Amino acid sequence: MPATEQQEQPDLALLVASSSGDKAAFEEFVDRHKSALFRFARAISPSLTDAEEAMQQTFVSAWQHASTFRGEGHARGWLFQIARNAQNKMHRRRAGEPPQHDDLTDLGNQAGWDCGLTPLADVIENREWVQHALSSLLVDDQEILVLIEVEGFSLLEAGDILGLSLPATKSRLHRARLRLLAALRKEEHHA
């Protein structure tokens, strides 16, 4: 096939070649996924430096364990699992951070269900507010929102990455969305 008609190699082929020491194949794999992975790492990291470190650890681990990817799922999901594990190793939850078990009615009210607030679309258009609101959430909420709302993973794929059942994934996503809406409402009131 002429070079102009060649298609990109599938991720599995790149990882198989990488596991045999093909650095060019791994560089292509990295180039293909680095932007999405950085968005995820940045969303769940407390700083830019931590996100960069998590990315570096992720790609080093992916290079070292390329032979373990069997192609049963998407390589992108496998890579996000590695990133999440790297992030968790770097930053164990703060001892004083209480778990959030908000009542859904309270969350809904904080999100604006109970009154005529500014339409949410107007609040979401302010990118700075969204970024600040997202960064104010717990890592669990940030992870699920970035995986599904930003990176476009399905509920099943996000659940696999996070190690959750489908019902638990749906529940976490629902609560994370409500917490984000509540945080956006706070941003609106502070503006």
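The values are calculated or read from the model by the stated rules, or taken from the named source; none is laboratory data. What you are looking at is a predicted structure, and each value in this text was computed from that prediction instead of being measured. We place every Cβ from the backbone using ideal geometry, glycine too, and count neighbours over all the protein chains shown.
Overview of results
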read-out	value
Residue match in the stretch 18-29 (condition: at pLDDT below 80 and either in contact with a Ser or Thr (Cβ under 7 Å, 6 or more places away or on another chain) or of a type in the set (Gly, Ala, Ser) (or both))	no
Output for the stretch 26-47, where each listed residue is in contact (Cβ under 8 Å) with a residue 12 or more places away in the chain and among the hydroxyl-bearing types (Ser, Thr, Tyr)	Ser45
Residue within the stretch 167-182 that is crowded, with 21+ Cβ neighbours inside 10 Å, at pLDDT 90 or above, within 25 Å of Leu37 (Cβ to Cβ) and within 11 Å of the chain's Cα centre (by Cα) present	no
Hits in the stretch 37-58 (condition: buried (at least 20 other Cβ atoms within 10 Å of the Cβ), closer than 26 Å to Ser19 by Cβ and of a type outside the set (Val, Ile, Thr))	Leu37, Phe40, Ala41, Ala54, Met55
Those residues of the stretch 146-163 which are part of a helix (DSSP H, G or I), surrounded by 18 or more Cβ atoms within 10 Å (Cβ to Cβ) and touching a residue at least 40 places away in the same chain (Cβ under 8 Å), in sequence order	Val146, Leu147, Glu157, Asp160, Ile161, Leu162
